[in-house]
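For reference, the structure discussed in these notes is given below.
The values are calculated or read from the model by the stated rules, or taken from the named source; none is laboratory data. Just so it is clear, the structure is predicted and the values come from calculations on it, not from any experiment. Reconstructed Cβ throughout: ideal geometry from the backbone, glycine too, with neighbour counts over all protein chains shown. Only protein heavy atoms, including side chains, enter the accessible area calculation; ligands, DNA and RNA are left aside. Shrake-Rupley method; radii C 1.70, N 1.55, O 1.52, S 1.80 Å.
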Amino acid sequence: MGAKPTPLAPLRDEPRAPWADVLASIEDGVIVLDRTGRITGLNPAGEQLTGMSASQAVGTEVGMLFRTSPWVGEMARGTLVEGAARRRGEGLLAARGHEVPVSATCAPVLDTAGRASGAVLVLHDLTLQQTFEATTRRADRLASLGTVASGLAHEIKNPLGGIKGAAQLLRGAVSDPELVRCTDIIIHEVERLDGLVEQLRELSTPPRLRLEAVNIHRVLNDVVALERQSPAWGAVALRTAFDPSLPPVRGDRAQLTQVFLNLVKNALEALGGTGALHLSTRLEARFHIRRRSGRGRFLSVLIEDTGPGVPEEHQAQLFSPFFSTRANGTGLGLAVCHRIVSEHGGTIGYEPPRGGGAGFRVTLPVSQDTAR
């Protein structure tokens, strides 16, 4: 009973168990326990979720492995005590300094006599699922607002044209410098409102996507090259960590450029000409959506800055229309970004770096032609 159990993964010079490849291919974390609650096996997905290698975990009591997430250990012990009970639960799994939402299922392993000889604990990462649910809720709210915005945009745009035309005629008829300045202010503010109305119309009636295979790194490099020419760049240091093996995404190049241009501009405004801008890409190997043609994979782009960040009480409203943390912001930029990313079947979320600052992660589906 007290002896250290045999590891699930055999030594390299021993023949590989036929079920080892099956466990290794499962994308959920699988943890095998003996009747005493000690770990006898851990697949690669389980290693990633728990932050511990199989060689370290084997022989460890399940409660020790999940000492920072005790609800998982209690579920596993309950299954071993009750024998025939299957238990399920959801909660946060703490590993490697951060928390991951997971669903856990634990079932007993029965011997030929029907007695529990151990248990199998399965952990499913809920991160992407919860992100998609939040994205869907925001998209529904934007769709409702878009109907109202479309009507308002139509009613506002017509009188704006009349105001601008009258101001231009007035400007040509006056010679007093102060009156000329006043007419210029009227024209400038009308043009600003006209731009706001156009953004409202985009929110309510988005243009049709022109889908093609898009190299996301080319889009990011084009955005950086464009923004480097602006005065807002100042002395900002750029740091990139691009995965050169990433496949293309299937998307609208112009609209994806708009998304990343908006995010980079926001970062530069927050930095105020100093600090650092970080751009990184990776393939989200843990996440996929099942399609008839196979599994749809995702890649993600993370844009971080070392600026002041967003206060916690404002983070939930970041993608809401007309909400802005800047005095001169319209509050529509991130809402439009959210709409574009949602139309591409992706997600966008706020992920502040541990050391401070702000961060936005955009997740996009890989082109199906390359994901097979």
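Being in a helix (DSSP H, G or I), closer than 23 Å to Gln129 by Cβ and either modelled with pLDDT under 85 or of a type in the set (A, V, I, L, M) (or both) is the filter here, so list the residues in the range 340-372 that pass it.
Passing the criteria: Ile340, Val341, Gln368, Ala371.
Of the residues Pro70, Pro44, only one is of a type outside the set (D, E, K, R), at pLDDT 85 or above and under 30 Å from Ala316 (Cβ atoms); which?
From the options Pro70, Pro44, the qualifying one is Pro70.
Report, by residue number, each residue of the range 88-112 that is open to solvent by less than 60 Å² (accessible area, probe 1.4 Å), closer than 30 Å to Thr131 by Cβ and in contact (Cβ under 8 Å) with a residue 24 or more places away in the chain.
Leu93, Ala94, Ala95, Val100, Pro101, Val102, Ala104, Cys106, Ala107
Here are some conditions: (1) surrounded by 13 or more Cβ atoms within 10 Å (Cβ to Cβ); (2) part of a loop (DSSP other than H, G, I, E, B); (3) at pLDDT 85 or above. Ala85 meets all but one. Which one does it not meet?
Here Ala85 meets the rest and fails (3).
Hey, any hits in the range 225-236 for a residue that's modelled with pLDDT of 95 or more and outside any loop (DSSP other than H, G, I, E, B)? Break it down into steps so the answer makes sense when it comes.
Of the range 225-236, the ones modelled with pLDDT of 95 or more are none.
No, the range 225-236 contains no residue that is modelled with pLDDT of 95 or more and outside any loop (DSSP other than H, G, I, E, B).
Which of the residues belonging to the range 241-275 are crowded, with 16+ Cβ neighbours inside 10 Å and assigned to a strand (DSSP E or B)?
Scanning the range 241-275 gives Val249, Arg250, Gly251.
Looking for something among the hydrophobic types (A, V, I, L, M, F, W, C) and open to solvent by 20 Å² or more (accessible area, probe 1.4 Å) - is there at least one such residue anywhere in the range 37-48?
Within the range 37-48, not a single residue is among the hydrophobic types (A, V, I, L, M, F, W, C) and open to solvent by 20 Å² or more (accessible area, probe 1.4 Å).
Take the residues in the range 222-238 that are open to solvent by less than 90 Å² (accessible area, probe 1.4 Å) and among the aliphatic types (A, V, I, L, M), then tell me which one is farthest from Ala267 (Cα to Cα).
Restricting to residues being open to solvent by less than 90 Å² (accessible area, probe 1.4 Å) and among the aliphatic types (A, V, I, L, M), the top hit is Ala225.
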